[in-house]
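Notes for the one structure printed next.
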Amino acid sequence: MDALRIRGGKRLKGEWTVQNAKNAALPIMAGAILTEGKTVLRDCPRLSDISDMGEILRTLGCGVHRDGGTLEIDPGGLCGYEMPEELSKRIRSSIFLLGPILARFRRANVSLPGGCEIGLRPIDLHLSGLRQLGVQMEEEGGVIRCDGRNMHPATVHFDYPSVGATENIMLISAVSRGETVITNAACEPEIICLQEFLNEMGADIRGAGSEKIYISGVEKLRKVEYTIISDRIFAATCAAAAACCGGDVLLKNTEPSHMRLMLSMLRDAGCRVNCTDDSVRIRACDRLRGLGKIITAPYPGFPTDAQAPFMSALCTADGTTVFVENIFESRYKHVSELVRMGADIIVDGRLAVITGCNYIQGARVCASDLRGGAALVVAGLSAIGDTVVDGAEHIDRGYEKIERVFECIGATIKRV
Ligand code: EPZ
């Protein structure tokens, strides 16, 4: 079990090239099995979630090779539609393979992936979407047996704009007969990225980024080389750290248009934020101002994944910030650890009230989920004294060598 040791209080100064997006790479890796040809992903971040997804693909018979930042997936050996139970439960992203396996074999057996640290994470919307396409299902002992032999095009409506469920239906419909329309689709940038990737393979998909996505199924998809979009949550985490530690940080390889609301909030809190097409420069003020209410919502609302890192940055703000976490039901596990560092935070259900204090102190804290762990690093960077963040493996799921990122922009942080 790795830990990160941080000596707080250092101003952050310098520049860093932001990694590409984990949440774009994972559904795209699933989409790689929709063709016989190879998929090559350039500048793909080295993250445990991505290597875990690669392990599932290998288990299904695919070749998965990493060469530096390039990830190659060769689905030539794909055999069988049984998703191994142990992997399905251990790796939530395995659910993205449900649609593609059904598209290839017209059959799929998957285990209910189970919950995780931030919530129950049901898959009812994924299954509802597949049923609307005519997939028959029966559940037995935690395994869902899907039969897609009578699949048909349809208008698939989601009661909630689920990111994963939208991606699953895009994936299966890309190579299924006829035109399928998704209504109340998720609008995240990662959805647009998936549409672009599939269309590069020869798919015919339009409307991603809006609530209505049109998919005209094609016979075959071809091999592709592709570079996924920048990771907006990684960039937001670095920006939050720069904002509360003081300093001047330039983030390269970003897509500011994917971060509009988060960047305007950093301006409201007192930072100077300057953007070009592919970079964001954050110059911190002496002390952040509280931001009033921050409500997490589907894109383009405030992203739930940025809630924890922003909360850490606002612990020492001048004023109060109230978070309303509308997306996941237990995404405040980092709060108790921030309170141990001296933060003044009260949680009541989906509300977290942060009353800014003059400083927080270093402590030994424990990460219990990906974004909460990153938030503890942000807090440690701004705290007075030393912080040790246990459970760094949670952070490594979504942040490539987080200690190297912050060390390069002036922090004192080591993996121990
Ligand atoms: C994706 O998860 C991201 N993961 C999450 O990032 C992100 O927080 C989330 O979208 C929201 O933006 C990946 O892309 C790999 P949802 P996903 O389906 O697809 C409920 C991170 O830290 N729901 O939009 O699971 C669900 O429980 C991760 O990088 C159902 O009820 O998100 C949640 O409350 C965490 N039934 C809400 O909807 C379903 O069938 C949003 O889920 C599916 C979801």
Candidate set from region 365-399 (those that are more than 14 Å from the ligand (Cβ to nearest atom) and within 16 Å of ALA243 (Cβ to Cβ)); member that is surrounded by the most Cβ atoms within 10 Å (Cβ to Cβ): ALA379
Pairs with Cβ under 7 Å, 6+ apart, first in region 302-327 and in contact (Cβ under 8 Å) with a residue 60 or more places away in the chain, second among the polar types (S, T, N, Q) and more than 10 Å from the ligand (Cβ to nearest atom): PRO309/THR237; LEU314/THR321; THR316/ASN358; THR316/SER382
Selected residue (only one of GLY319, GLY292, GLY301 is away from the ligand (no atom under 16 Å from the Cβ) and within 30 Å of TYR160 (Cα to Cα)): GLY292
Residues that are out of contact with any Ser or Thr (no Cβ under 9 Å at 6 or more places or on another chain), modelled with pLDDT of 95 or more and of a type outside the set (A, V, I, L, M), drawn from region 38-50: LYS38, THR39, PRO45, ARG46
Filtered residue count, region 226-248, keeping only those that are crowded, with 24+ Cβ neighbours inside 10 Å and away from the ligand (no atom under 16 Å from the Cβ): 6
Answer residue from region 323-364, given it is of a type in the set (Val, Ile, Thr) and more than 23 Å from the chain's Cα centre (by Cα) and is surrounded by the most Cβ atoms within 10 Å (Cβ to Cβ) among those: ILE354
Residue, surrounded by the most Cβ atoms within 10 Å (Cβ to Cβ), within region 102-118, restricted to residues that are within 13 Å of the ligand (Cβ to nearest atom) and touching a residue at least 60 places away in the same chain (Cβ under 8 Å): ILE118
Matching option when the condition is in a strand (DSSP E or B) and within 16 Å of the ligand (Cβ to nearest atom), among LEU87, LEU26, LEU41, LEU4: LEU41
Region 139-185, residues that are aliphatic (A, V, I, L, M) and over 20 Å from the mean Cα position of the chain (by Cα): VAL143, ILE144, MET151, ALA154, VAL156, ILE172, ALA174, VAL175, VAL181, ILE182
Test set (1) farther than 26 Å from GLY380 by Cα; (2) at pLDDT 95 or above; (3) crowded, with 24+ Cβ neighbours inside 10 Å - MET53 fails condition number: (2)
Any pair with Cβ under 6 angstrom, 6 or more apart, that starts in region 30-42 at a residue that is over 13 Å from VAL175 (Cβ atoms) and ends at one that is buried (at least 24 other Cβ atoms within 10 Å of the Cβ) and among the basic types (Lys, Arg): none
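The values are calculated or read from the model by the stated rules, or taken from the named source; none is laboratory data. Owing to the predicted nature of the structure, the values given are computational and were not obtained by experimental measurement. All Cβ positions, even for glycine, are placed from backbone atoms using ideal geometry, and neighbour counts span all protein chains on display.
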